[in-house]
Amino acid sequence: MKVLILAAGRGTRISRYLSGKPKCTVDIGGGQCLIEYTIDLLHSRGIQDIGIVLGYEAQVIREVLADKGVSFFYNPFYDVTNSIASAWFAKEFLMGDDLLIMNGDVYLEEKLLDRILAQGRSPVMFADESRRETADYKFFYEDGILKKYGKELTGDDVTGEYIGIGRFSAAFMPEFICRMEEMIDRQEHGVWWENVVYSMTGQQPVYVEDVSGHFWAEVDYIEDYERILEHRGVEKIVR
């Protein structure tokens, strides 16, 4: 199992609270920042082959993870592209084994990672049905198959909130890379890496696994960060 973590973005929606630091380096208590926690959690499950795509304040993240044995990739165009470009710069890492791709600002509790690692279907994205009312990026799926996706979905078209992670078999990745390169060739470098997977809906099953009941957070807003601190029993920051 490999894991690719995309950590090139600046995080403009929360940046004013972070004093210029990358989102994945926010302090979550216990002497750890978010990205350290994620790497240590993956290591605890025997996953050593970890790649991280850097961009904004890359050196800060390199220093934080200097002794973690991870592979670094760099998206020099992080300020004018989105995560599909970051995945493209790490495309040689994507082959050869089953793979998790996750966004660097995602916090997962231990039992949730175990649930994700136990999932055998591919491609599979993970969603939380308990957060339909407050969802940011929304999924509509039936019988575990993704039908619709987007921030604009409303009402009965929302069955869960996407949590920022997907799992893929080694056999699936050549198709993923081919489609990703086609999108880059069409100058579609302003979309998320997930759009590569979404482009397959209606052509092949894109599975969705509900992980409600497990704690997770994607640090897009200060409230997301505060949820992590509360979950870990850490005093919230003073705004």
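Each reported figure results from applying straightforward, stated rules to the coordinates on display, with no laboratory input. These numbers come from a predicted model, not from an experiment. All Cβ positions, even for glycine, are placed from backbone atoms using ideal geometry, and neighbour counts span all protein chains on display.
If a residue must be over 20 Å from G150 (Cα atoms) and not aromatic (F, W, Y), how many such residues does region 174-223 contain?
The total comes to 14.
Within region 83-105, count every residue that is surrounded by fewer than 22 Cβ atoms within 10 Å (Cβ to Cβ) and closer than 13 Å to I165 by Cα.
So the answer is 1.
For S19, work out the one condition from (1) free of Cβ contacts under 8 Å to residues at least 12 places away in the same chain; (2) over 25 Å from Y221 (Cα atoms) it doesn't fulfil.
Of the numbered conditions (1) free of Cβ contacts under 8 Å to residues at least 12 places away in the same chain; (2) over 25 Å from Y221 (Cα atoms), the odd one out for S19 is (2).
If you go through region 187-203, how many residues are surrounded by fewer than 16 Cβ atoms within 10 Å (Cβ to Cβ) and closer than 12 Å to A85 by Cα?
Within region 187-203, residues that are surrounded by fewer than 16 Cβ atoms within 10 Å (Cβ to Cβ) and closer than 12 Å to A85 by Cα number 2.
Is it fair to say W216 is of a type outside the set (V, I, T), touching a strand residue (DSSP E or B) at 6+ places or on another chain (Cβ under 8 Å), closer than 19 Å to S122 by Cβ and surrounded by 18 or more Cβ atoms within 10 Å (Cβ to Cβ)?
No.
Looking at K111, is it under 28 Å from S44 (Cβ atoms) and surrounded by fewer than 20 Cβ atoms within 10 Å (Cβ to Cβ)?
yes
Does A127 satisfy being out of contact with any Gly (no Cβ under 7 Å at 6 or more places or on another chain), within 22 Å of R179 (Cβ to Cβ) and surrounded by 21 or more Cβ atoms within 10 Å (Cβ to Cβ)?
no
Just one of L18, L42 is among the hydrophobic types (A, V, I, L, M, F, W, C), over 24 Å from F172 (Cα atoms) and touching a helix residue (DSSP H, G or I) at 6+ places or on another chain (Cβ under 9 Å); which is it?
Result of the check over L18, L42: L18.
Restricting to region 155-170, give me the number of residues that are closer than 18 Å to D105 by Cβ and either of a type in the set (D, E) or without any contact (Cβ under 8 Å) to a residue 60 or more places away in the chain (or both).
3
If I filter region 86-100 for residues that are within 28 Å of H231 (Cβ to Cβ) and free of Cβ contacts under 8 Å to residues at least 24 places away in the same chain, do I get at least one hit?
No, the conditions are met nowhere in region 86-100.
With the requirement that a residue be hydroxyl-bearing (S, T, Y) and under 14 Å from W88 (Cα atoms), what does region 185-204 give you?
None; the set is empty.
Write out, first by first residue and then by second, each pair whose Cβ atoms fall under 7 Å of each other, whose residues are 6+ apart or on separate chains, and whose first residue, in region 53-64, is under 14 Å from G11 (Cα atoms) while the second is aliphatic (A, V, I, L, M).
Listed pairs, sorted by first residue: L54/A7; L54/A8; L54/I61; G55/A8; Y56/A8.
Is it fair to say K21 is more than 30 Å from F176 (Cα to Cα) and of a type in the set (K, R)?
Criteria met by K21.
For region 53-60, indicate whether the set of residues that are hydrophobic (A, V, I, L, M, F, W, C), over 16 Å from the mean Cα position of the chain (by Cα) and farther than 30 Å from F172 by Cα is non-empty.
yes
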